[in-house]
Amino acid sequence: MQLLPFILLAATGASHAAQAPAAPREQPALHALAGAPSEAELHATIATLVGFGTRHTLSDTKSDTRGIGAARRWVKSRFEAIARDCGGCIEVVTPAQAFSGKRMPTPTEVMDVVAIKRGKRDPQRVIVMTGHLDSRVSDVMDASSDAPGANDDASGVAALIEAARLLSKQTNDATLVFAALSGEEQGLYGGKVLADYAAAHGWRVEADLNNDIVGNSRGQNGVADSSTVRVFSEGTRSNETPAQANYRRYHGGEVDSPSRNVARTMAALADAYLPDFRVRMVYRTDRYGRGGDQVPFLEAGYPAVRVTEAHEDYTRQHQDLRTEHGIHYGDTIDGIDFRYLARVTALNTITMAALSRAPAPPEGIDIAGAVATDTTLKWRKVPGAAGYRVHWRDTTAAKWQYARAVGDVDHAVLPDVVIDDWFFGVSAVSVDGYESPVVFPGDAGSFARSPAPAGQP
């Protein structure tokens with residue numbers, strides 16, 4: 001008889017658990033992916049790319065052994081081999097455009113090499129990982145001198161090829177794209193080629209993870225840090241309208257662009273699945289006065305972040321190969337820490353897997369609560385969501401602090417949570433516990449492309 005209350009309590013708890021709203025769950029598959037990147041594969045890729053001598057965008061395109069053309073064809077063959085191993089699950093395309101500019105005096109074809117793994121349920125929703133294939137020396141117009149580009153950016157290309165290999169036999173509801181870009185050093189042209197391709201094909205880009213300079217763990221100042229990677233994210237959307245900017249300035253959203261909430265998602269995934277590695281979020285589009293291929297995505301209205309090592313060594317970036325005063329200049333393979341690069345690759349891999357298995361971020365989020373003690377959030381449901389969570393944090397907090405699962409509904413009321421004092425957001429959760437990024441209310445936080453293409457809301 002003494003056991004009866006415990007039996008009743010257990011039965012009641014099981015009943016409540018069965019009816020509990022969908023909530024994020026620890027994912028064994030992500031733990032497995034966290035330890036999966038191969039240092040040997042990463043080394044082999046970088047060694048091959050360095051072996052092409054130079055990959056300058058204006059270098060030889062005909063040779064099979066030297067120059068950007070040989071490098072592009074090799075990356076294409078690598079993607080095709082991965083596709084064969086997964087039974088044709090990957091399509092390889094090579095979008096290209098001709099550009100001319102300050103660093104490209106005559107019209108030159110800029111070609112990207114892109115591997116596409118279509119999503120099973122939501123193929124137009126796309127998660128992108130990019131790195132740039134081209135390299136350079138001190139003179140940005142020198143297309144003939146050896147420019148190994150081991151870290152800038154063969155490391156990013158190696159990471160995305162390894163991520164493609166690992167994810168090729170995994171399931172994904174959204175489409176995964178792995179893109180080796182050209183023309184970055186000459187004017188971020190490869191990023192524009194891919195952003196234009198995305199727009200032309202109607203991709204709903206949820207995130208571009210641009211990996212640029214991700215293989216070195218020792219800074220020029222001697223600081224060694226193999227446990228931190230920086231993720232840069234813009235604060236306000238690059239192409240918001242004046243009306244949107246006026247609303248944001250009054251109501252908030254300066255630190256809640258979709259790109260920034262992608263960065264928060266990456267930081268949370270690192271905390272959960274990479275105990276020896278952390279994301280340092282940097283509230284800036286890129287390093288001070290510098291740029292990368294995430295910028296054309298932002299300009300096209302897509303969320304994008306830049307992933308970069310924690311401490312850079314500028315003697316190994318954009319340098320002629322030489323030795324001066326005992327310092328060896330040049331971006332050579334001996335400057336790569338392959339264990340560190342494997343951890344960066346793992347972060348990207350689990351982020352792509354998690355985002356592609358979660359529902360799309362909720363849409364149409366609205367908020368109300370002026371002159372009230374409660375806050376009300378409303379949103380439009382998205383396919384694949386079994387439930388939603390509302391989030392809030394102090395207005396000076398970097399990360400989301402509080403969350404509440406509210407079930408498969410399109411609105412929620414937070415009693416006694418005053419709208420004036422907090423920032424709010426909503427995420428969608430799948431039946432198996434994968435969670436979308438958090439979405440801040442209004443245009444400032446929306447993951448929809450901005451501005452919306454003609455004929456779309």
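The values are calculated or read from the model by the stated rules, or taken from the named source; none is laboratory data. This structure is a prediction, so every number in the text was calculated from the model and none was measured. Cβ placement follows ideal geometry from the backbone for every residue including glycine, while neighbour counts extend to all protein chains displayed. Please note that ligands, DNA and RNA were not included when accessible areas were found on the heavy atoms of the full protein model with its side chains. Shrake-Rupley method; radii C 1.70, N 1.55, O 1.52, S 1.80 Å.
Observations on the model:
- Listed peptides 252-264, 63-75, 310-322 by packing density, highest first (mean Cβ within 10 Å): 252-264, 63-75, 310-322
- Cα centroid separation - the range 47-83 against the range 263-310, whole Å: 27
- Theoretical ellipticity at 222 nm over the chain - DSSP helices of four or more residues, -39500 (n - 2.57) apiece, nearest 500: -9000 deg cm²/dmol
- The Cα atoms of the range 319-457 cover 68, 35, 32 Å along the three principal axes, with the biggest extent listed first.
- Burial ranking of peptide ranges 131-137, 152-158 (average Cβ count within 10 Å, highest at the top): 152-158, 131-137
- Percent of beta bridges antiparallel (DSSP, the chain, rounded to nearest 5): 65
- Residues in the range 88-212 average 30 Å² of solvent-accessible surface per residue, probe 1.4 Å, ligands and nucleic acids excluded.
- Taken as entire DSSP H runs, the helices of the chain that both span 24 Å or more between Cα atoms along their own long axis and average 0.0 or more on the Kyte-Doolittle scale are 338-357.
- The chain, accessible surface, carbon-and-sulfur percent (1.4 angstrom probe): 53
- At 0.692 mPa s and 37 °C, Stokes D of the range 96-210 from Kirkwood alpha-carbon radius, µm² per second: 220
- Between the range 20-43 and the range 180-245, the C-alpha centres lie 23 angstrom from each other.
- Counted over the range 193-313, the DSSP beta bridges are approximately 40% antiparallel.
- Most tightly packed first, judged by the mean number of other beta-carbon atoms within 10 Å of their residues, the peptides 105-111, 323-329 read 105-111, 323-329.
- Hydrodynamic radius of the chain per Kirkwood, over alpha carbon pairs, in Å: 22.8
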